[in-house]
Amino acid sequence: MAQWTQMTQLIQYLSDQTVNELYPSATFPIEVRHFLSEWIEEQRWEDFELEKVEQEGQAKALLDQIINILQTLAQQKANVVDKMKLMQISRNMNMFQQQPLQFGVMVRDILRKERVLLNKASSQTPNLPQYSQFPSREPVSVPNMRDVDHLVLKVLEVQDCRQKIHQLQEELNWERQNFESLQGPVQQNGRDPQNTELQKLQNHIQQVEYNVKAMIKNRFQLLQEAVDCLDQCQSRLINRLKSWRWEQHRATIGQPFDDNLSPLQTWCEQLLGVNGKLRQEVMLIGEPIPELQERLARLLQALIESSLMVDKQPPQVIKTQSKFSTTVRYLLGEKIAPGKPVVLKAQIITEAQARSLGQLGVLPSENVGELINNTAILEHNTASKSTCATFRNMSIKKIKRADRRGSESVTEEKFALLFSAEITITGCDTPYRIQMISLPVVIIVHGSQDNNALATIIWDCAFSEPDRIPFVVPERVPWSTMCVTLNSKFTSEVQTQHHLDQYNQHFLAQKIFDKPDISGDFSNMMVSWAQFNKEVLPGRSFTFWQWFEGVMELTKKHLKTYWSDGLIFGFIGKQHLHLILKDRPNGTFLLRFSDSEIGGITIAYVSATENGGQKIQNIQPFTKRDLEIRCLGDRIRDIDHITYLYPDYPKQDVFRQYYTDVSQPSPNRGYISVTLQTRVGVEAGSASPTVPSMTPPRESPHNPIGFPMHQFQQPFSPTSLAEGAGSPTGEFATANPGAVFPEEMGQSQSMDMDLDVILNTLAN
């Protein structure tokens with residue numbers, strides 16, 4: 001108790017907000033308290049545990065620091081009383097030199113108790129007027145420290161009650177012994193027992209017995225409350241672990257995800273420590289309490305089994321005979337009993353086996369695939385305080401597929417990796433079996449299946465529900481939900497902040513629903529899995545997802561900066577294209593993704609017809625191979641037909657930063673250097689290109705340095721677009737002769753020498 005009193009006085013310095021109920025004698029100088037308050041905030045006390053012997057050095061260092069601080073402050077004080085108080089505390093702190101870890105734990109417990117009282121005091125304050133402010137959201141990865149502090153305080157109350165019962169029992173035993181020693185002489189002398197001190201002693205014994213019974217009853221009630229509090233806190237923890245897994249699942253489609261497991265590990269370790277202390281308190285009662293013992297055992301088992309996490313998921317599309325890796329982390333790794341190493345085993349399970357595993361909890365007996373290098377040892381990393389098993393070179397040698405339903409293909413069949421081990425926790429007599437499954441994976445045998453397999457994974461990650469039956473997904477989803485998924489996946493894959501706008505999304509809806517009418521409203525329509533990646537698009541040989549993924553891949557590898565700078569219009573139909581270009585002068589162009597070819601970008605521009613009218617030309621799409629030979633910026637520079645990026649930005653100002661610098665000659669090693677250039681239409685067969693006559697556009701009011709993204713003349717409205725779209729043939733509603741939409745024009749690269757000859761020469 002003397003040590004506790006000294007620590008209470010010390011915490012008066014360490015806390016900047018002393019609570020009167022806890023520290024009633026806060027009479028020390030305020031400047032000293034502020035100084036030590038800042039010092040304590042810079043230290044880490046929460047991790048101290050009596051069982052962690054390796055922390056003794058850290059605790060001793062903190063103890064020495066605080067003694068030195070107290071002595072230094074004492075020397076600086078002019079007030080003699082303050083100086084004596086500080087010197088006395090510093091001398092008393094030396095009592096902990098033999099047990100520095102106990103010092104750290106005591107500081108931790110007192111600070112926890114103070115936080116609980118502060119929270120309780122703040123909750124009792126009257127409601128003040130609320131003012132509008134930005135909503136604040138506590139990071140979900142941080143455990144609710146108030147819950148843990150409240151739980152720890154409950155345990156401290158139980159322990160304090162037990163100690164008081166022990167003291168009362170010792171007093172009772174002593175008084176009974178005194179009573180028996182006095183009772184004999186009184187009876188021998190024949191004195192009246194009612195008129196002696198014996199009666200007073202007997203009354204005192206009865207009072208102590210009553211107090212002991214009351215304390216025992218209170219102790220049992222406190223134990224029940226502590227177990228209830230543990231149950232509630234652990235339920236919140238397990239829900240948070242499930243949320244972490246769900247967020248990890250959603251990260252596949254680009255949703256934000258904080259992969260830091262350290263706060264959750266601290267939470268798990270704290271609850272395990274509380275469970276052990278409560279089990280110890282139940283045992284110290286001396287008689288069995290089956291209800292509490294069974295509850296604590298169930299909570300312990302649930303905590304141990306829930307602490308296995310797949311930290312780094314395996315690739316969700318796995319090709320047989322290919323190496324891959326994954327990492328599994330155990331959040332109670334520091335509590336594993338020393339001695340025998342824990343070996344984690346991985347195996348492949350089917351969707352049906354995953355469902356049986358969730359219902360029965362029994363490991364599947366049938367082996368559906370041969371997994372090479374499927375074992376790893378749980379190893380503790382002292383620096384990161386994490387315990388992980390890393391499977392570095394796993395490979396699927398062969399796979400046994402289930403009977404497929406209807407038209408289901410092999411790329412729609414989902415598997416998972418099951419990780420399991422037998423583990424013993426320090427302080428627990430029996431071993432526990434822990435297991436966890438990975439996110440669903442699709443196993444392919446050829447690279448050509450990768451795209452369709454990825455579509456299965458995207459649909460699963462985007463539209464599955466939390467706590468679902470493995471691996472159930474809806475067959476149809478609202479288009480609004482699909483829009484969010486496509487945008488999230490596109491921006492995360494391309495790694496850009498430029499999202500798909502409402503025009504892009506409207507055209508994507510037209511594409512997937514095969515609704516060329518621009519006035520359609522698709523917000524309430526449902527998209528099926530078949531429309532997404534089972535049925536080919538009308539008039540095409542590919543599905544919607546195959547086409548969209550091709551655009552995404554092209555943008556990621558060759559067009560990221562163009563897209564991020566807002567220079568690519570992107571997804572747009574020909575009706576909408578006609579509407580926005582109909583009043584533009586010749587040479588105005590925009591960049592759009594091809595809707596007839598996977599992974600292509602084309603240039604649509606306004607040009608003059610032979611009779612003085614206007615028409616819109618679409619240059620043959622540039623694919624990944626084309627842009628690897630010559631970048632998009634250089635190709636735009638080559639084409640003299642295009643002069644202004646829609647609506648009216650001079651292309652030289654907009655794209656100059658993307659041009660290849662030809663002023664610096666590259667070493668030719670004795671050869672004559674050659675240059676590839678892009679020629680369009682009739683230009684490809686002529687030595688010198690013919691520059692068509694173009695009407696100069698009006699002067700742009702915008703700063704030529706910063707180019708706003710997608711400057712449209714009016715808000716988006718399918719109805720208004722339809723009203724101005726004109727004839728499906730693409731005629732302009734102007735005085736000029738009607739314009740038509742020719743097929744995408746051929747484009748070729750030409751120079752002084754024939755291109756095919758050069759390419760063949762380079763290939764040889």
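The values are calculated or read from the model by the stated rules, or taken from the named source; none is laboratory data. Note that this is a predicted model, so its numbers are computed, not measured. Counting neighbours? That spans all protein chains shown, and the Cβs are built from the backbone with ideal geometry, glycine included. These accessible areas exclude ligands, DNA and RNA; they are computed on the full protein's heavy atoms, side chains included. Shrake-Rupley method; radii C 1.70, N 1.55, O 1.52, S 1.80 Å.
List of remarks:
- Label-point gap, in nm, between ASN178 and GLN502 - each point 7 angstrom along Cα→Cβ: 8.9
- In summary, region 529-588 shows an alpha-carbon radius of gyration equal to 1.43 times the 2.2 N^0.38 Å reference for compact globular proteins.
- Taking the centroid of alpha carbons for each part, region 545-573 and region 434-503 are 19 Å apart.
- Extension gain, ARG625 back to ARG404 (0.36 nm per residue minus Cα-Cα distance, nm): 75.8 nm
- Residue pairs exceeding 30 angstrom between C-alpha atoms, taken from LYS319/LYS556; LYS335/LYS414; LYS511/LYS615; LYS154/LYS242; LYS242/LYS335: LYS335/LYS414.
- Extension gain, GLN301 back to ILE377 (0.36 nm per residue minus Cα-Cα distance, nm): 25.2 nm
- Projecting label points 7 angstrom from Cα along Cα→Cβ for SER395 and GLU553 puts them 2.4 nm apart.
- Close amide H partners of ILE444, meaning residues 5 or more places away or on another chain with modelled amide H under 5 Å apart, are ILE318, LYS319, THR320.
- Eigenvalues of the alpha-carbon gyration tensor of region 248-320, scaled by 5 and square-rooted, set the equivalent ellipsoid semi-axes at 38, 14, 9 angstrom, largest first.
- Ordered from largest to smallest accessible area (heavy atoms of protein chains, 1.4 Å probe), the residues LYS398, LYS560 come out as LYS398, LYS560.
- Along region 407-423 the Karplus relation, 6.51 cos²θ - 1.76 cosθ + 1.60 evaluated at θ = phi - 60°, assigns HN-Hα couplings of 9, 5, 9, 5, 7, 9, 7, 9, 10, 7, 9, 9, 10, 8, 6, 10, 9 Hz to successive residues, with x for each Gly and Pro.
- Gyration tensor (Cα) of region 209-250, equivalent ellipsoid semi-axes in angstrom: 40, 4, 4
- Total formal charge among the other residues, if their Cβ is under 13 angstrom from that of GLN657, Lys/Arg +1 and Asp/Glu -1: -1
- With K and R counted +1 and D and E -1, the other residues having a Cβ less than 13 Å from that of GLU51 yield a net charge of -3.
- Cross-link partners of LYS60 among lysines, defined as those whose alpha carbon lies under 19 angstrom from its own and excluding same-chain residues fewer than eight positions apart: LYS52.
- Label point distance in nm, GLU171-ASN260, each placed 7 Å from Cα along Cα→Cβ: 4.9
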